[in-house]
Amino acid sequence: MDPELIKDCVHCGFCLPTCPTYVLWGEEMDSPRGRIHLMKQHVEGTPITPEMAGHFDACLGCMSCVTACPSGVRYDKLIEQTRAEVEREHVRRPEDRALRAMVFSLFPYPRRLRAMRLPLRLSGRLRARLAPRLAEVNPSLAAMAELAPSVTARVRLPHRVAARGERRAVVGMLTGCVQGEFFPQVNSATARVLAMEGCEVVIPPGQGCCGALSLHSGQEAQAIRLAKQTIRTFERAGVDTIVVNAAGCGSTMKDYADVLAGEPGWAERARAIRTVDVSEFLAGLGPVAERHPLPISVAYHDACHLAHAQGVRAEPRALLNGIPGLTIKEIAESSICCGSAGTYNMFQPEAARELGERKATRVLATGADVLVSANPGCTMQITAALRRMGEPEIPVAHTVQVLDASLRGLRLGAPA
Ligand code: SF4
Ligand code: SF4
C-alpha cells in the first residue's frame, strides 16, 4: 500500500454517501475513509487482523468513491494494492480458501467455463430448486446457482470481419470469458455493429481471460500472467486498438501498464496497445450506418467499471439517443453499485443480494421496456435479483445489441 496515496485523503467524508457499503450499514470502517484509515494503520505497522480483512473484503471495488472524491484520492490503486496484501498476509478459513481456489481456477479459463454451458442449458427451474439446498451448505454456492444465466447456443465468430463500405478503422476485439461463453450474442452484435460502421474487426482465436477478476480480487500473479497473455495475443494479431464490450475487462486492460509496471519491458508493450470501450469507440468514430426506428424505452444501467473506473457515461447514452423512437429512462441512484462487482456476489452473497434487489427495484420503477447493461456481471446480478423478488424478468440487452437491432432494422431480440 503506497503511503503517499494514503496521505492524499483529507478525511472530508464527501465519498461516504456514494459508498454502497456505507449506505447499507452506516459503519465508518465500511466507508472509503474508514478503509483508508485501516490501510494507514497497516502501513504504520499494525498487522492485518481478520476484522480488518473483513472490511477490505466487504468493499465492492466499485470506484464510486473515486468519482466522488474532490481530492483525487486514488482509492482504485489503494484497494488493488490492499487486496494483494490481504491475500499475502491473511489466512482465510479453509472453506473460504476452497471457494476462492474453485472460482479462480474456473472463471478466468474460457474452456473450463464452456464445460459449464451444458448444465446451464438445463432448465432454470432446476437451478431455482437447487439454490435453497446449496444455501444450507454454503451461501456462495447458492449465489452461484442463482446467478447462472440461461445460455444461448454457442456462436463461432470468424477471425476477421470485413468492414462494410469504405474502411474507416481496423480494430481488435476482445471476446472475454463470461461474455464469450455466456453472452455470445453480445460479441456477435459487437462485431456486426463495428463492421456496419466501417471497421475491419480482427478477432484473434484462442483468447484467454484479460485478468480482470484476478486483479480485482488480489490474485496478483494470475492477473499479471493473464495480462501478458492478452497483450501477446493482440500483438500477434497485428492490431493496436482493442475494442472491449465488458466494463470490467476494459477498465483492467486500460490499467495494464500499471499492472505490469514491475515486469521488465512489459509496461511499454502495454502502452503500445490502446483499449477502448465499444461505446467510447463508436461515439468517437461517429455514425455512418443508417439508424432505423426502435420505438422502445430503455433504462440505462451505469456499470461501475464503465462509469466510475473509465468515466464512460455520456457515450452509451449518446449512441442510444441517436436511435429514432428510443427513449432513455434514468435509473434512480445510478451511481450505486448493483452488487455484482466481479466476484463480490459470490464471496459476499448477503450484501450483494441486498444491493441487487435495491437496484432491481429502481430499474422496475422506471417502467422501461428494456434494461440496457454493458457488463455481463451486472446483467446476471440484476436478472437474478428480479427472479428472486418474483418480478417478471425485464429483457436485458447490451448497448451494442440495441444499436445492432436499429442498424439492421429488426426488433430487439430478433435472431441474428
Ligand atoms: S470502492 Fe465502492 S464499496 Fe469500496 S469504498 Fe469505494 S465506494 Fe465503497
Ligand atoms: S477519500 Fe476523498 S472524499 Fe473520501 S474522505 Fe478521503 S479525501 Fe474525502
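What follows is calculated from the coordinates using simple rules that are stated; it is not laboratory data. None of these values were measured; they are calculated from a predicted model. Because the Cβ atoms are built from the backbone with ideal geometry, glycine has one as well, and the counts that use them run over all protein chains shown.
Observations, loosely collected:
- The GluC sites (Glu not before Pro) of segment 3-34 that DSSP puts in a loop, and whose beta carbon has at most 13 other beta carbons within 10 Å, are GLU27.
- Near HIS159: Cβ cut-off under 13 Å, other residues only, Lys/Arg at +1 and Asp/Glu at -1. The net charge is +2.
- GLU235, GLU136 arranged by Cβ crowding within 10 Å, fewest neighbours leading: GLU136, GLU235
- Projecting the Cα positions of THR46, ALA237, LEU386 onto the charge dipole of the chain (unit charges on Cβ atoms of Lys, Arg, Asp and Glu, taken about the Cα centre) puts ALA237 furthest along the positive direction.
- Across segment 27-32, coupling constants 3J(HN,Hα) worked out from phi with the 6.51/-1.76/1.60 Karplus curve, θ = phi - 60°, read 9, 4, 6, 9, 10, x Hz, and Gly and Pro carry x.
- Debye log10 I(q)/I(0) for segment 160-284, one point scatterer per Cα, at q = 0.17 Å⁻¹: -0.81
- Non-local lysine pairs in the chain, meaning eight or more places apart or on different chains, with alpha-carbon distances under 26 Å, amount to 8.
- Order of THR67, THR343 under a 10 Å beta carbon neighbour criterion, fewest first: THR67, THR343
- Degrees separating the helix 220-237 axis from the principal Cα axis of the chain, which is the longest one: 20
- Residues THR361, THR46, THR383, sorted so that the one with the fewest Cβ neighbours within 10 Å comes first: THR46, THR361, THR383
- For the chain, a crude dipole built from +1 on the beta carbon of Lys and Arg and -1 on the beta carbon of Asp and Glu, taken about the Cα centre, is about 1640 debye to the nearest 20.
- Annotation: amide H-H contacts under 5 Å for THR241 (H modelled 1.01 Å from N, sequence separation of 5 or more, or interchain): GLY172, ARG274.
- Label separation (SER297 vs LEU410): 2.7 nm, computed from points 7 Å beyond Cα along the C-beta direction.
- Tilt relative to the chain, helix 349-366 - C-alpha long axis, 0 to 90 degrees, to 10: 40
- Karplus-derived 3J(HN,Hα) values for segment 302-317, using 6.51 cos²θ - 1.76 cosθ + 1.60 with θ = phi - 60°, are 7, 5, 4, 6, 9, 6, 7, 6, 10, x, 9, 10, 6, 4, x, 5 Hz; glycine and proline are entered as x.
- When only alpha carbons are used to place a centre, segment 1-33 and segment 249-270 end up 27 Å from one another.
- Toward the positive end of the charge dipole of the chain, with +1 on the Cβ of Lys and Arg and -1 on the Cβ of Asp and Glu, the farthest Cα among LEU141, MET173, ALA283 is that of MET173.
- Extension gain, ASN138-ALA115: 0.36 nm per intervening residue step, less the Cα-Cα distance, totals 6.1 nm.
- The fraction of all Cα pairs in segment 310-390 landing in successive 5 Å bins from 0 to the largest distance is 3, 14, 24, 25, 17, 11, 5, 1, 0, given as whole percents.
- Nearest 10 degrees, 0 to 90: helix 399-408 Cα axis against the chain principal axis: 0
- Inter-part distance where segment 315-368 and segment 286-304 are each reduced to a Cα centre, Å: 16
- Net charge over other residues, Cβ less than 12 angstrom from the Cβ of THR190 (K, R count +1; D, E count -1): -2
- Note on ALA257 and GLU330: their simple-model spin labels are 3.3 nm apart, each label 7 Å out from Cα toward Cβ.
- Net charge of neighbours whose Cβ lies under 14 Å from the Cβ of ARG168, counting Lys and Arg as +1 and Asp and Glu as -1: -1
- Three semi-axes describe the equivalent ellipsoid of the chain; taken as square roots of 5 times the Cα gyration tensor eigenvalues and ordered largest first, they are 32, 25, 22 Å.
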